[in-house]
Amino acid sequence: MNRRIRSLIAPAVATLVGVAILIGLGDWQLHRLAWKEGLIAQVSTRVHATPIDPPAEAQWPSLKPADYEYRHVRVAGVYDVAHQALVYRALESPHGPYAGPGYLVITPLRLANGAVILVNRGFVPEDQKGKAASGADQGETTVTGLMRSSEQRNLFTPADDPAKGRWYTRDVPAIAHAMGLTRFAPFSIDADASADRNALPEGGETVIDFPNNHFSYALTWFGMALALIGVFGAYAVSQLRAPDEGAGAKGGGSP
């Protein structure tokens, strides 16, 4: 086998391995794209659907977030404003007139059978914190909104302090336990917006945002695979066209 061709075997194998990995990553991103588009379509359908009854208490232990997240529901009960929790939130892109730092007002809604569902009644600005209890009728009320699972905490989320009433995540079990609740749903409900745009708390502030950059990521991986092939091709051509190092020696000697 020609010496130059032999010298290309190792780089060729490394290139093939690299290309296979890059194409695999691109293909994985295409699968993620299909999954994300399906998720967005499912959530859009749920959000805009006619409100239905939430799952019955007997179903709560077996519920999974994927089965109910963002489902539009309607439920009747009595608010317990004596046990509210305020979850700190900085509202950046409001649907209504309020923005900036403030709180999500989490209020227990006691159902006719005694069970409780935590309702996120909406947002109050920090300078209007005193209005957190407003808008909660003392008698039976009907709430429509979106079912939500507990928020996920990240590395930058401050620790909740139930003893001082400081909450930074919509953590349903933690908030329910701090309120002394026992028969509570594993989900909460984000209340729909009120007919009065200036009413507080301001409902309808559910953030529905699913970044979908998988197609561009796939193109990046496939582009890197093509670039790697191009680099190897250029290298191989340069090696095959390079002058033979022994050519001058074969001419030999002085005139």
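The values are calculated or read from the model by the stated rules, or taken from the named source; none is laboratory data. None of the values given here were measured: they were computed from a predicted structure. So basically every Cβ, Gly included, is an ideal-geometry build from the backbone, and we count neighbours across all protein chains shown. Accessible surface areas use protein heavy atoms only, side chains included; no ligands, DNA or RNA. Shrake-Rupley method; radii C 1.70, N 1.55, O 1.52, S 1.80 Å.
Of the residues 181, 109, 217, the one whose Cα sits farthest towards the positive end of the charge dipole of the chain is 217 (charges of +1 on Lys and Arg Cβ, -1 on Asp and Glu Cβ, taken about the Cα centre). Where only DSSP H runs of four or more residues are counted, the chain gives -11000 deg cm²/dmol as its mean residue ellipticity at 222 nm, each run worth -39500 (n - 2.57). In this structure the amide hydrogen of residue 184, modeled in the peptide plane, comes within under 5 Å of the amide hydrogens of 116, none closer than 5 places in sequence on its chain.
So who's got an amide H within less than 5 Å of the one on residue 193, skipping anything under 5 residues away but keeping other chains? H placed 1.01 Å off N, in plane. Distant-sequence amide H within range of residue 193: 204. Counting alpha carbon pairs within less than 8 Å and at least 6 residues apart, what relative contact order, in whole percent, applies to the chain? This gives 25 percent for the chain. 3J(HN,Hα) couplings calculated from phi for the range 21-36 with the Karplus curve 6.51 cos²θ - 1.76 cosθ + 1.60 (θ = phi - 60°) are, in sequence order, 5, 5, 5, x, 5, x, 5, 4, 5, 5, 5, 5, 4, 4, 5, 5 Hz; Gly and Pro show x. Taking the protein heavy atoms of the chain in the context of the full set of protein chains, the accessible area attributed to carbon and sulfur is 59 percent at 1.4 Å. For residue 178, the shell of other residues with beta-carbons less than 12 Å away shows a net charge of -1, using +1 for Lys and Arg and -1 for Asp and Glu. Distances between every pair of Cα atoms in the chain, grouped in 10 Å steps from 0 to the bin holding the largest one, split as 6, 22, 23, 13, 9, 8, 7, 5, 3, 2, 1, 0 percent. Rounded to the nearest 10 degrees, the angle from helix 214-241 to the longest Cα principal axis of the chain is 10 degrees. Here the range 107-249 is assigned +1 on the Cβ of each Lys and Arg and -1 on the Cβ of each Asp and Glu. Its dipole about the Cα centre then comes out at about 320 debye.
Taking amide hydrogens as modeled 1.01 Å from N in the peptide plane, which residues meet the under 5 Å criterion relative to residue 166, leaving out close sequence neighbours? It is 161, by chain and number.
Both radii are taken from the alpha-carbon atoms of the range 54-121; with Rh as the Kirkwood radius, Rg/Rh is 1.02.
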